[in-house]
Amino acid sequence: MVRKNTAEAKAEASKRDEVKARIVAEALEAVENALLSDRITTLDTMLFGTMKLALSTAGPISFHPIDWTNTSPDMRKLITTRLKLCGYKYSGADQVWRQQEPKPFVKLKEWERDWFTEMRA
């Protein structure tokens, strides 16, 4: 009886681990898709807030030092990864991210930029 319960417990734990791995894999895929998207995404809204407008127009992006310091390392990694993929480089002299890559890994769609430009006007 004890042996059967142990085997059942192991099987249940294994099944839970499989479900957990599947859930995490789905979330990672969604984050990867958002990071590589050529459109402004919900993730961009979460990461950049109102600065997503600057991202959509290839404008400079900066973060207040206190806000950046209070941002968790995981979120900072997501922010800097998205910026790098979109062709931005950090200028330490003026503490601003500027789009400088002529061929970024992710080029945002022009119509997205036009739409956000109209919204700002």
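A compact table of results
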item	result
So Glu101, is it in a helix (DSSP H, G or I) and of a type in the set (D, E, K, R)	no
Looking only at the stretch 82-95, and only at residues there that are within 14 Å of Asp44 (Cβ to Cβ) and among the hydrophobic types (A, V, I, L, M, F, W, C), the one that is surrounded by the fewest Cβ atoms within 10 Å (Cβ to Cβ)	Leu85
Residues of the stretch 26-58 classified as touching a residue at least 24 places away in the same chain (Cβ under 8 Å) and over 22 Å from Pro73 (Cβ atoms), total	8
Counted residues, the stretch 3-58 - those being exposed (fewer than 15 other Cβ atoms within 10 Å of the Cβ), under 16 Å from the mean Cα position of the chain (by Cα), part of a helix (DSSP H, G or I) and of a type in the set (D, E, K, R)	3
Close pairs (6 angstrom Cβ cut-off, 6 or more residues apart or separate chains): under 14 Å from Gly59 (Cβ atoms) and of a type outside the set (Gly, Ala, Ser) in the stretch 82-94, outside any loop (DSSP other than H, G, I, E, B) and at pLDDT below 95 anywhere	Tyr88/Gln99
Residue under evaluation Ile79, criteria (1) at pLDDT below 95; (2) surrounded by 17 or more Cβ atoms within 10 Å (Cβ to Cβ), criterion not met	(1)
Residues of the stretch 5-47 classified as within 13 Å of Leu83 (Cα to Cα) and among the acidic types (Asp, Glu), total	2
Scan of the stretch 93-116 for residues that are modelled with pLDDT under 90 and over 17 Å from the mean Cα position of the chain (by Cα), ordered by number	Glu101, Pro102, Lys103, Lys109, Glu110, Trp111, Glu112, Arg113, Asp114, Trp115, Phe116
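The values are calculated or read from the model by the stated rules, or taken from the named source; none is laboratory data. For clarity, every value in this text was computed on a predicted model and none was experimentally measured. Every residue, glycine as well, gets a Cβ built from its backbone with ideal geometry; the counts of neighbours run over all protein chains shown.
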